[in-house]
Amino acid sequence: MNQIELQCQKIKQEKRLGIMSHVVVGYPNLEETQKIVLMMARFGVDFIELQIPFSDPVGDGPVIRDANTVALAQGVKVKDAFELVKKLKQTDKIQTPLFFMTYFNIPFSYGLEKFCADSAAIGISGLIIPDYNLDMESREHFDELCRKHNLILQRFAGLDSEANRLVAQAKDAGGFIYCFSRRGITGVRPDLDPNLDDYLGKLKNIFKQPLAVGFGISSGEQIQALKGRADIAIVGSAFLKSYNEGGLSGVEDKLKELVSARDQS
Amino acid sequence: MKNFFSPNQYDADQLGYFGQFGGSFVPELLVPVLEELTKAYEEAKNDPSFIAELENLYKNYSGRPTPLYFAENLTRQLGGAKIYFKNEGLNHTGAHKINHCLGQALLAKRMGKKRLIAETGAGQHGLATATVAARFGLECVVYMGAVDVERQRPNVFWMEQLGAKVVAVEHGTKRLKDAVTAALQDLIANPNDTYYLLGSALGPHPYPSMVRDFQNIVGREVRAQHHEMENKLPDYLVACVGGGSNAIGLFNDFLNEPDVKMIAVEAGGRGVEKIGDHAARLQGQGKLGVVEGYKSYFLTDDDGQVQPTHSISAGLDYAGIGPEHARLFETGRVHYTYATDDKVLAAFKTLARTEGIFAALESSHAVAEAIRLAPTLPKDKTIVVNLSGRGDKDIFIVAEAVGDVKWKEYLKTKSG
């Protein structure tokens with residue numbers, strides 16, 4: 001069974017909220033990325049997104065976007081992301097399920113099948129590709145290739161998607177469903193959207209898979225507020241922001257805050 | 001009605017693919033927005049009242065039809081095929097861009113949208129968008145890389161005079177692609193009241209098809225005008241190609257005419273040998289990729305990272321090419337060549353001196369190709385060149401490139 005699925009089961013059995021955290025590979029450099037990932041694993045986050053930097057990250061807000069630009073300016077290559085995962089898995093023996101997150105042109109340029117095969121071979125469990133939607137599947141067969149290599153290609157539930165579209169997303173989806181806390185893009189925002197309950201309520205009728213909520217999740221209070229509403233909280237730019245403000249200890253403080261909020265009864 | 005847009009066998013399929021190119025590679029949050037747009041556009045293009053309103057705007061607001069001008073002096077000087085210029089520079093706002101801006105603004109109004117947003121590099125597309133926003137009483141926000149805002153103050157000034165808000169994008173590389181991203185993100189955040197007015201025949205479906213359709217008027221007018229003057233079809237069509245809107249506008253109506261040869265001219269910059277020196281995607285260095293929502297050829301590295309480009313003309317200084325052009329390249333229907341900055345500048349000067357026309361530096365790429373081509377052809381052949389815009393806007397670049405000392409002194413005096 002795919003490691004993401006196993007972790008989803010574990011979260012369910014432990015009757016708690018899951019947390020997915022995020023790094024940009026090579027920001028501020030590869031050594032530091034490795035340290036941050038290991039710290040996240042040590043704190044017991046449930047999933048980690050390793051974002052392979054891309055020159056045109058259309059789904060990302062300013063914080064993640066700038067991190068992409070910095071990583072690329074330092075010459076970070078796609079092969080560096082693969083090397084990093086190899087180290088994390090083989091040397092550091094990290095157990096946390098890992099996603100590669102990036103934009104479609106990265107696997108496309110690498111060769112879709114080879115990208116899937118190589119990712120699976122080093123222990124990646126899933127891919128999050130925001131600019132690939134299932135309408136393209138009949139031409140690109142990316143989801144099919146991911147399945148073939150036992151990778152989960154992350155599914156999304158849009159805020160304004162028609163029911164039939166959501167049903168299509170639910171069909172054969174592995175792991176969990178990526179839901180949006182609000183309109184817009186990645187980035188830290190103080191409050192949860194007042195319409196979140198309606199949206200998640202609608203989704204619960206359609207998806208049997210766990211619901212993960214991302215975009216704007218950054219604080220212990222928000223983690224508390226998500227309990228009972230969602231199954232997994234996705235935290236992205238908040239970690240980058242913590243790093244920018246306080247380095248590794250900034251990330252550590254953020255992890256403490258979020259994980260203790262998660263584990264508080 | 002259908003003929004207004006000249007449908008042909010190169011059109012996109014239901015998913016927006018032109019052969020293997022195009023598609024709609026966008027985040028899930030944008031899918032419903034683009035579905036709504038596709039539906040609204042399909043309805044509008046089959047609605048006689050929409051077409052009538054568009055024709056009225058083309059005629060009475062923009063000044064269409066633009067002339068097809070026989071360049072007698074230049075033809076005589078070159079001593080070969082007859083050169084005609086389709087003078088899109090005589091449109092309101094001075095370029096062909098107004099054609100698809102009017103079409104899209106009309107569509108936005110029909111869809112009940114209240115805001116127009118756009119990305120802009122040098123500012124020309126932003127200016128055209130701000131113009132139609134003013135005309136239709138729509139709020140307008142133009143995203144522009146902070147670096148470009150610094151370099152293009154006159155266009156920023158005019159956009160603001162038209163009532164648009166110009167947002168300097170301070171993230172990423174602070175250039176055009178960051179402006180595109182910022183505009184897309186605005187659209188994701190405000191899907192209900194906002195219309196994203198895309199500036200060329202590229203991006204996710206339905207934009208490449210829609211922008212082509214709104215530019216189709218150029219080729220249709222050429223057909224009628226050329227027939228009236230020469231009593232036949234043109235032998236050659238020549239246009240510059242950045243994203244590809246003016247070229248597809250000229251070509252589309254003739255794609256089904258096998259005797260009409262077509263040449264599109266990319267920005268050769270300082271030469272096409274090295275990435276970073278040019279913006280020529282189809283001269284051997286472009287790679288198949290998926291960027292900004294569509295699949296086409298892009299100037300990227302082996303990892304797929306978009307690389308910097310260079311051209312003397314801001315409008316062609318772009319790493320991707322519209323997906324229908326990629327298809328026309330692959331099938332061989334259109335021949336894609338390039339002109340370097342120095343050839344472009346020479347063509348600009350030649351046209352000014354022989355015909356009294358300032359062509360935009362973008363359009364001067366097409367002029368350069370016509371100057372090369374005409375002497376190689378017999379005198380009974382005709383070449384139609386899309387003069388997509390007028391050159392007045394390029395005064396800073398041209399003055400700098402020709403090294404005009406008095407101009408430099410003038411700038412100093414004004415700034416002092």
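The values are calculated or read from the model by the stated rules, or taken from the named source; none is laboratory data. Predicted, not measured: the structure shown is a model, and the values here were computed from it. Cβ atoms come from the backbone with ideal geometry, glycine included; neighbour counts cover every protein chain shown.
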Is there a residue being assigned to a loop (DSSP other than H, G, I, E, B), surrounded by fewer than 24 Cβ atoms within 10 Å (Cβ to Cβ), among the β-branched types (Val, Ile, Thr) and out of contact with any Phe, Trp or Tyr (no Cβ under 7 Å at 6 or more places or on another chain) anywhere in segment B:266-276? yes
Out of the residues in segment A:98-115 that are more than 17 Å from the chain's Cα centre (by Cα) and surrounded by 24 or more Cβ atoms within 10 Å (Cβ to Cβ), state the one that is farthest from the other protein chains (Cβ to nearest Cβ). A:PHE115
Among the numbered criteria (1) within 14 Å of chain A (Cβ to nearest Cβ); (2) closer than 17 Å to B:GLU266 by Cα; (3) not in a strand (DSSP E or B); (4) not acidic (Asp, Glu), which one does B:PHE329 miss? (1)
Which residue, of A:VAL24, A:VAL70, is under 18 Å from A:LEU127 (Cβ atoms), within 14 Å of chain B (Cβ to nearest Cβ) and among the hydrophobic types (A, V, I, L, M, F, W, C)? A:VAL24
Do we have A:ILE94 as in contact with a Ser or Thr (Cβ under 7 Å, 6 or more places away or on another chain) and among the β-branched types (Val, Ile, Thr) here? no
Given (1) among the β-branched types (Val, Ile, Thr); (2) farther than 28 Å from B:HIS92 by Cβ; (3) touching a strand residue (DSSP E or B) at 6+ places or on another chain (Cβ under 6 Å), identify the lone condition not met by B:THR382. (2)
Has segment B:399-416 got at least one residue that is surrounded by 23 or more Cβ atoms within 10 Å (Cβ to Cβ) and either under 24 Å from B:GLY123 (Cβ atoms) or assigned by TED's automatic domain parsing to the domain that holds B:LYS86 (or both)? no
Starting from segment A:137-150, take each residue that is in contact (Cβ under 8 Å) with a residue 60 or more places away in the chain and list its partners that are part of a loop (DSSP other than H, G, I, E, B), counting only C-beta distances under 6 angstrom and pairs at least six apart or across chains. A:ASN150/A:ASN2
Conditions: (1) surrounded by 22 or more Cβ atoms within 10 Å (Cβ to Cβ); (2) modelled with pLDDT of 95 or more; (3) in contact with a helix residue (DSSP H, G or I) (Cβ under 6 Å, 6 or more places away or on another chain). B:PHE85 meets all but one. Number of the miss? (3)
Quick one: which helices (runs of 4 or more DSSP H) sit completely within segment B:169-265 and have at least 2 residues that are within 12 Å of another protein chain (Cβ to nearest Cβ) and either charged (D, E, K, R) or farther than 16 Å from B:LYS97 by Cβ (or both)? B:176-189
Output yes when any residue across segment A:30-53 is within 13 Å of chain B (Cβ to nearest Cβ) and not polar (S, T, N, Q), and no when none is. yes
Matching residues in segment A:68-110 - criterion: being under 28 Å from B:PRO27 (Cβ atoms), out of contact with any Phe, Trp or Tyr (no Cβ under 8 Å at 6 or more places or on another chain), polar (S, T, N, Q) and assigned to a helix (DSSP H, G or I): A:THR69, A:SER109
If a residue counts only when it is of a type in the set (D, E, K, R), more than 15 Å from B:VAL211 (Cβ to Cβ) and within 14 Å of another protein chain (Cβ to nearest Cβ), which helices (runs of 4 or more DSSP H) contained entirely in segment B:1-101 have at least 1 such residues? B:31-45
